[in-house]
Amino acid sequence: MNKTDVCLSAQGICKQYPGVLALDHVDFTALHGTINVLVGENGAGKSTLMKIIAGITQPSGGTLYLNGEEINPKNTIDASRMGIGIIHQELNLLPNMMVYQNIFMARESKKFGVLDNKTHIEKTRALLEKMEHPIDPLAYVRNLRVGQQQIVEIAKTMAQQDLKVLIMDEPTSSLSVDEVEVLFKIMRELKSQGVCIIYISHRLDEILRIGDNITVLRDGKLVEQRSCDGVDIPWIVQAMIGKKTNYNQRQYDTNDAPVILEAKNITLPKRNGGYHLEDVSFALRQGKIMGIYGMLGSGRTELLEVLMGAHRYYKGTIHLLGNQIEPTSISSQIERGFVMVPEDRQREGLIHVLSVTQNMMLSSLKKNKRFGFLSNQLLQGNLKKTIAELRIKVSNPKLPILSLSGGNQQKIIIGKGLLTNPKVLLLDEPTRGIDIGAKSDVFTIIEQCKRDGIAIIVVSSELKEIIAISDEILVLREGRAAGFLRGPEISEESLMKCATSAKEATV
């Protein structure tokens, strides 16, 4: 390797937190005009290393070099001036501000001493059109879906001038298949311009498609750093966790069982005309897993939200155990036996200022009462049992929830729901942004819930995952049912045909 090819170099990087050595003398090298993929389980130290490079946190030891010169970015603004940009795994946007304001925050242009918002809006519109996603620059971020917010997050970093290093931490976790292709095209353009890209993803097939070099971290240590030539998924899995997983080796359950939940002609209008959902019907049976698949904007999340009582103005009928219900609030649905794990766990699934214990017990406080008072003994017993059953890695449940890795945070949210003893479990992208080991654990939890007789709906944008976990799959296209596949009918080809075809389904 020629020294002139090296763009970014990290030597002996350490990061010590109280009781935890997050990074243990890690070396890392990234080259000009290459896509350098970084993999490892949640908690392996990937995001910590990237936060150090981007100036978000400071190392406990070690040295960073950019183009051969030692650097020590104190914050993201400092790193940005050096030409280092980062796209965060968890969205880092201001929801009560407009799209263009988020994109040009802290790098505004001025004209005659005032903000040149006309230029900001024009540049935002051009940037989003280049990304083939023409979101209105004047739209408030809070009104955008998670996938659209991810596009804005990416655009914000792309707007940075004199970009030398671009860090992308799970940038495709909320994107549709088509949007991923657009992002890859942009990445290749940046690569051709000499930009050094550091790419973190748990979608291993993406890594093999887009990566030039691969670095593997495990337990805060460097395991491997090499070219992607000759690398395959089994090699990556072995390097990451030292074992193979087989969560996708399952048999479909096609046996009949009692209908738990039945929805007929569910229709949800949009504010400005049109429909999020239109005449969607299905029947969910006890102890079955029904997947919901569709492109971004197909109505997947909206359907779960209707079932969970988040949209009062839907039309259609919903029956639970043969009795018609009207989901008008989330609390009433929890009482009826519904639980939902949201797609955006940071914003909708967790309360950051609370501990692991407090987050986990929020939905089941009524079930932990004796004689009208909260029973600490009952609460602690249920908590310990659930932590053990879900294999949640936490040294002390009193720790802040954000001290846990993404995979363990997701298990906390699932455990919070299971503590309510649900009849119906709604999972919206349950493996988004977690590593392959944590994914395997989540699938194991879902299978156990199935064996316990819980009726389960899983939304996933990853074909292999939804095929692996589902007994039957409802495919949505532009808010309408486009296919309903059972057992051996399910394949990647059949799902894609339904999701991209205008033909409607008979369920």
(request) May I ask you to list the residues in the range 347-367 that are over 12 Å from Ile412 (Cα atoms) and either surrounded by fewer than 19 Cβ atoms within 10 Å (Cβ to Cβ) or at pLDDT 80 or above (or both)? (result) Arg347, Glu348, His352, Val353, Leu354, Leu365, Lys366, Lys367
(message) Kindly evaluate Tyr252 against the criterion of being crowded, with 18+ Cβ neighbours inside 10 Å, assigned to a loop (DSSP other than H, G, I, E, B), out of contact with any Cys (no Cβ under 6 Å at 6 or more places or on another chain) and at pLDDT below 85.
(response) no
(request) Return a yes/no flag: does the range 10-17 have any residue that is more than 20 Å from Ser227 (Cβ to Cβ), aliphatic (A, V, I, L, M) and surrounded by fewer than 22 Cβ atoms within 10 Å (Cβ to Cβ). (result) no
(request) Name every residue in the range 448-465 that is in a loop (DSSP other than H, G, I, E, B) and at pLDDT below 90, in order of residue number. (result) Ser460, Ser461, Glu462
(request) Of the conditions (1) surrounded by 15 or more Cβ atoms within 10 Å (Cβ to Cβ); (2) of a type outside the set (Val, Ile, Thr); (3) touching a residue at least 12 places away in the same chain (Cβ under 8 Å), Asp116 clears all except one; give me its number. (result) (3)
(request) Collect the residues in the range 119-149 that are among the aliphatic types (A, V, I, L, M), touching a residue at least 40 places away in the same chain (Cβ under 8 Å) and assigned to a loop (DSSP other than H, G, I, E, B), keeping them in residue-number order. (result) Met131, Leu138, Ala139, Leu144
(request) Determine which member of the set Gly45, Gly40, Gly68 is more than 30 Å from Pro134 (Cβ to Cβ), touching a residue at least 60 places away in the same chain (Cβ under 8 Å) and surrounded by fewer than 13 Cβ atoms within 10 Å (Cβ to Cβ). (result) Gly68
(message) Please pick out the residue among Ile436, Ile414, Ile445 that is over 15 Å from Met290 (Cα atoms) and modelled with pLDDT under 85.
(response) Ile436
(message) From the list Ala79, Ala22, exactly one residue is of a type in the set (A, V, I, L, M), surrounded by 20 or more Cβ atoms within 10 Å (Cβ to Cβ), touching a Pro at 6+ places or on another chain (Cβ under 9 Å) and at pLDDT below 95. Which is it?
(response) Ala79
(message) Tally up the residues in the range 96-110 that are within 9 Å of Leu138 (Cα to Cα) and assigned to a helix (DSSP H, G or I), please.
(response) 3
(request) Check Leu362, Leu383, Leu350 and return the single one that is in contact (Cβ under 8 Å) with a residue 60 or more places away in the chain and under 28 Å from the mean Cα position of the chain (by Cα). (result) Leu350
(request) Can you tell me which residue among Lys411, Lys464, Lys423, Lys416 is buried (at least 21 other Cβ atoms within 10 Å of the Cβ) and among the charged types (D, E, K, R)? (result) Lys411
(request) Filter the range 466-503 for residues that are in a helix (DSSP H, G or I) and either over 17 Å from Ile446 (Cα atoms) or at pLDDT below 85 (or both) and give the result. (result) Gly487, Pro488, Glu489, Glu492, Glu493, Ser494, Leu495, Met496, Lys497, Cys498, Ala499, Thr500
(request) Mind telling me which of the residues Arg142, Arg209 ends up being within 25 Å of Ser109 (Cα to Cα), out of contact with any Ser or Thr (no Cβ under 7 Å at 6 or more places or on another chain), of a type outside the set (Ser, Thr, Tyr) and surrounded by fewer than 17 Cβ atoms within 10 Å (Cβ to Cβ)? (result) Arg142
(request) Could you please let me know if Leu303 is in contact with a strand residue (DSSP E or B) (Cβ under 7 Å, 6 or more places away or on another chain), of a type outside the set (S, T, N, Q) and outside any loop (DSSP other than H, G, I, E, B)? (result) yes
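The values are calculated or read from the model by the stated rules, or taken from the named source; none is laboratory data. Only a predicted model underlies this, so the values are computations on that prediction, with no experimental measurement involved. Glycine gets a Cβ as well: all are built from the backbone with ideal geometry, and neighbour counts include every protein chain shown.
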